[in-house]
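Just so you know, all these numbers are worked out from the coordinates, no wet-lab data involved. Since we're looking at a predicted model, the values are computed, not measured. Cβ placement follows ideal geometry from the backbone for every residue including glycine, while neighbour counts extend to all protein chains displayed.
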Amino acid sequence: MNTTPRTMVLTGASRGIGHATVKRFSAEGWRIITCSREAVPDACKRDPNWSAHIPTDLSDPQSVASFVGEAMDLLGNDPLHALVNNAAVSPKTDFKERLGCLNGGIDRWREVFELNLFTPLELCRGFAAALSRGAKQGGASIVNVTSIAGHEIHPFAGSAYSTSKAALSALTREMAVEFATLGVRVNAVAPGEIETEMIGEEYEPLINRIPMHRMGTPDEVASCVFQLCTQDFSYVTGTEIFVTGGQHL
């Protein structure tokens with residue numbers, strides 16, 4: 001039996017959903033390679049499964065290419081079994097006003113799409129060979145973290161963020177078809193209102209829109225991401241799972 005641990009790469013690992021996802025995969029014995037602008041907490045550095053964290057500016061294509069190169073060097077000839085595209089940006093004004101289509105500069109839109117859409121595409125292409133090896137050794141998956149905001153108007157998520165997430169949903173479907181030729185499954189998870197550091201008091205009224213009458217937790221999103229990367233979902237690809245407590249209904 002092959003005792004080599006399964007390996008995952010995740011972006012945006014330092015907090016929130018990304019951090020919870022790393023903890024879930026590590027608890028299941030996976031080898032972890034991550035990146036973010038921030039350093040990981042000291043407690044996480046002591047995790048024996050967290051093999052590498054590479055500081056990366058995911059809005060910079062050169063930094064993204066450097067991350068892929070370093071991660072591939074770490075992998076060597078080992079397979080990659082999961083790529084989780086979690087990092088994203090949702091800019092607001094200095095006084096936290098939602099940026100719509102009529103306010104804010106077009107350059108901000110380009111920055112949002114660079115990180116939220118083009119970076120996941122670049123990472124999927126960059127890790128395709130390693131994922132293909134993973135597909136031959138127990139299966140391999142890509143999970144894109146989209147958003148409920150990509151499917152309906154959200155009172156706080158800006159227009160650039162929402163449309164970039166809608167585009168990521170479409171990209172997930174496109175990649176599911178192409179990556180199937182490599183044996184790699186591609187799915188998405190669309191969180192709703194999740195209790196993270198970014199959630200403030202202004203989100204409380206949104207609970208009335210949620211059939212389950214509460215916000216979700218990062219661990220609940222992480223569990224969904226993890227299950228999509230297991231053999232229990234071996235015939236699932238091109239799917240977007242809503243982790244919203246029914247808010248999207």
Problem set entry | Sites Ala27 and Ile106 - FRET efficiency at Förster radius 45 Å, r taken between beta-carbons, to 0.05 | 0.55
Exercise. Under a GNM of the chain (C-alpha, springs under 10 Å), which listed residue has the highest mean-square fluctuation: Arg209, Arg133, Arg31?
Worked result: Arg209
For this session: Could you pull out every whole DSSP H run in the chain that spans at least 20 Å of Cα extent along its own axis and averages 0.0 or higher on the Kyte-Doolittle scale?
Result: 61-75, 159-179
Seminar exercise, completed: Subtracting the Cα-Cα distance of Gln227 and His248 from 0.36 nm times their residue separation yields 5.5 nm
Exercise. Peptides 177-188, 142-153, 101-112: what's the order by average Cβ count within 10 Å, highest mean first?
Worked result: 142-153, 177-188, 101-112
For this session: Before anything else, pin down the relative contact order of the stretch 1-155: Cα pairs under 8 Å, at least 6 apart, normalised by residue count, whole percent.
Result: 24 percent
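Counting Lys and Arg as +1 and Asp and Glu as -1, each charge on the Cβ, what is the dipole of the chain about the Cα centre in debye, to the nearest 20?
The dipole magnitude comes to about 520 debye.
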Problem set entry | For a label point 7 Å along the Cα-to-beta-carbon line of Thr93, residues of the stretch 121-155 with backbone N under 20 Å | 154-155
